[in-house]
Amino acid sequence: NAGVTQTPKFRILKIGQSMTLQCTQDMNHNYMYWYRQDPGMGLKLIYYSVGAGITDKGEVPNGYNVSRSTTEDFPLRLELAAPSQTSVYFCASSYPSRGRTEAFFGQGTRLTVV
Amino acid sequence: GQQLNQSPQSMFIQEGEDVSMNCTSSSIFNTWLWYKQDPGEGPVLLIALYKAGELTSNGRLTAQFGITRKDSFLNISASIPSDVGIYFCAGPPLIQGAQKLVFGQGTRLTINP
């Protein structure tokens, strides 16, 4: 029972490089989220999706893009990496049915931009 | 911006003590979630609350959904070393259509041996 799987676990990028953080879930959840967590801070919502083909901005979307072509996958794209994007990125999914909104998280991707 | 305020930001206690923390918002929530995060790991759900006034327990943890629907409380009784970590409250703000899931800034719990 894999749950939410994120890859890679660690990555070092040079300024201006691009990369895609992968997230997949096998729980048939329709809602998926991307968060970033800076050292000693809480989680800030970057983007979220309520279903395949539907995405929307969260609190801190600048510098990121997402797509949701399938229910299972929700990749996060960084086009021009900047040092301010050094953070730990978490993907989560949930299945709000009958008012229940319990989200389950992946293990995170630790990204350093130098 | 941040819609959930957690208090206290950090706690330093002795093993065996009880712990209380809370989360407040200016917005109404229909759901309150409490998570724990261990170092290097993703947050793990501890307790979910869905009804104003609801009191729910999970072992030594007890959480309550405030009557005003703008706050929630988490208590840990008889703390043990494995309780160390960061505790987050979270929920979907009703005003935003209950689709976004926002988090508080966390309460960091440290237990002195």
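Here is a list: A:Ser84, A:Ser69. Which entry is open to solvent by 70 Å² or more (accessible area, probe 1.4 Å), part of a loop (DSSP other than H, G, I, E, B) and of a type in the set (Gly, Ala, Ser)? Let's see the steps before the verdict.
Details: A:Ser84 fails: part of a loop (DSSP other than H, G, I, E, B).
Selected residue: A:Ser69, the only one of A:Ser84, A:Ser69 that is open to solvent by 70 Å² or more (accessible area, probe 1.4 Å), part of a loop (DSSP other than H, G, I, E, B) and of a type in the set (Gly, Ala, Ser).
Residues being part of a loop (DSSP other than H, G, I, E, B), open to solvent by 90 Å² or more (accessible area, probe 1.4 Å) and at negative phi: count how many of those fall in the stretch A:5-30. Step through it out loud before you land on a result.
Taking the stretch A:5-30 first, the residues part of a loop (DSSP other than H, G, I, E, B) are A:8-9, A:14-18, A:26-30.
Adding the requirement that they be open to solvent by 90 Å² or more (accessible area, probe 1.4 Å) leaves A:9, A:14-15, A:28.
Now drop any that are not at negative phi, which leaves A:9, A:14-15.
Total satisfying the criteria: 3.
Go through the stretch B:29-42 and count every residue that is touching a Lys or Arg at 6+ places or on another chain (Cβ under 8 Å) and open to solvent by 10 Å² or more (accessible area, probe 1.4 Å).
First, pick out the residues of the stretch B:29-42 that are touching a Lys or Arg at 6+ places or on another chain (Cβ under 8 Å): B:29-31.
Narrowing the set further to residues that are open to solvent by 10 Å² or more (accessible area, probe 1.4 Å) leaves B:30.
The qualifying residues number 1.
When you scan the stretch B:94-107, do you find a residue that is open to solvent by 30 Å² or more (accessible area, probe 1.4 Å) and under 25 Å from B:Glu15 (Cα atoms), even just one?
Initially, the stretch B:94-107 is screened for residues open to solvent by 30 Å² or more (accessible area, probe 1.4 Å), giving B:94-100, B:105.
Cutting the leftovers down to under 25 Å from B:Glu15 (Cα atoms) gives us B:105.
Yes, that holds for at least one residue.
Starting from residues that are of a type in the set (A, V, I, L, M, F, W, C) and within 11 Å of chain A (Cβ to nearest Cβ), keep the ones in the stretch B:35-61 and report whichever is nearest to A:Arg36 (Cα to Cα). Give the steps one after another, and end with the answer.
Of the residues in the stretch B:35-61, the ones of a type in the set (A, V, I, L, M, F, W, C) are B:44-49, B:52, B:55, B:61.
With the extra rule that they be within 11 Å of chain A (Cβ to nearest Cβ), the set shrinks to B:44-49.
Details: B:Val44: 16, B:Leu45: 18, B:Leu46: 21, B:Ile47: 22, B:Ala48: 22, B:Leu49: 24 Å.
Only one residue tops the list, namely B:Val44.
Taking the criterion of being over 19 Å from B:Lys100 (Cβ atoms) and more than 13 Å from chain B (Cβ to nearest Cβ), would at least one residue in the stretch A:99-112 satisfy it?
First, pick out the residues of the stretch A:99-112 that are over 19 Å from B:Lys100 (Cβ atoms): A:107-112.
Filter once more, keeping what is more than 13 Å from chain B (Cβ to nearest Cβ): A:111-112.
Yes, because at least one residue in the stretch A:99-112 is over 19 Å from B:Lys100 (Cβ atoms) and more than 13 Å from chain B (Cβ to nearest Cβ).
Given the conditions (1) more than 26 Å from A:Val60 (Cα to Cα); (2) touching a residue at least 24 places away in the same chain (Cβ under 8 Å); (3) surrounded by fewer than 20 Cβ atoms within 10 Å (Cβ to Cβ); (4) in contact with a Phe, Trp or Tyr (Cβ under 6 Å, 6 or more places away or on another chain), which single one is not true for B:Ala52?
B:Ala52 satisfies every listed condition except (2).
Out of the stretch A:32-53, which residues are open to solvent by 70 Å² or more (accessible area, probe 1.4 Å) and part of a strand (DSSP E or B)?
Hit for the stretch A:32-53 is A:Lys44, nothing else.
Could you say whether any residue in the stretch A:54-62 is under 22 Å from B:Ala90 (Cα atoms), open to solvent by less than 40 Å² (accessible area, probe 1.4 Å) and touching a Lys or Arg at 6+ places or on another chain (Cβ under 9 Å)? First the steps, then the outcome.
Of all residues in the stretch A:54-62, those under 22 Å from B:Ala90 (Cα atoms) come to A:55-61.
The next check asks that each one be open to solvent by less than 40 Å² (accessible area, probe 1.4 Å); those that pass are A:58, A:61.
With the extra rule that they be touching a Lys or Arg at 6+ places or on another chain (Cβ under 9 Å), the set shrinks to A:58.
Taking every residue of the stretch A:54-62 in turn, at least one turns out to be under 22 Å from B:Ala90 (Cα atoms), open to solvent by less than 40 Å² (accessible area, probe 1.4 Å) and touching a Lys or Arg at 6+ places or on another chain (Cβ under 9 Å).
What is the residue count in the stretch A:87-110 for residues that are in a strand (DSSP E or B), within 21 Å of A:Gly3 (Cβ to Cβ) and open to solvent by less than 50 Å² (accessible area, probe 1.4 Å)? Explain how you work it out, then say what you get.
Here is the first cut: in the stretch A:87-110, the residues in a strand (DSSP E or B) are A:87-94, A:97, A:100, A:104-105, A:109-110.
Narrowing further to those that are within 21 Å of A:Gly3 (Cβ to Cβ): A:88-94, A:97, A:100, A:104-105, A:109-110.
Those still in the list that are open to solvent by less than 50 Å² (accessible area, probe 1.4 Å) too: A:88-94, A:97, A:105, A:109.
Total meeting the criteria: 10.
Restricting to the stretch B:4-19, what's the tally of residues that are under 14 Å from the mean Cα position of the chain (by Cα) and open to solvent by less than 70 Å² (accessible area, probe 1.4 Å)?
Within the stretch B:4-19, the first condition is being under 14 Å from the mean Cα position of the chain (by Cα), and the residues that meet it are B:4-11, B:19.
Now drop any that are not open to solvent by less than 70 Å² (accessible area, probe 1.4 Å), which leaves B:4, B:6-8, B:10-11, B:19.
Looking only at that region, the number is 7.
Under 25 Å from A:Gly108 (Cα atoms) and of a type in the set (Phe, Trp, Tyr): does that describe B:Tyr50? Working first, answer last.
Working: under 25 Å from A:Gly108 (Cα atoms): no; of a type in the set (Phe, Trp, Tyr): yes.
It is false that B:Tyr50 is under 25 Å from A:Gly108 (Cα atoms) and of a type in the set (Phe, Trp, Tyr).
The values are calculated or read from the model by the stated rules, or taken from the named source; none is laboratory data. What you see is a predicted model, and the numbers here were worked out from it, not measured in a lab. Neighbour counts run over all protein chains shown; Cβ positions are idealised from the backbone, glycine included. Only protein heavy atoms, including side chains, enter the accessible area calculation; ligands, DNA and RNA are left aside. Shrake-Rupley method; radii C 1.70, N 1.55, O 1.52, S 1.80 Å.
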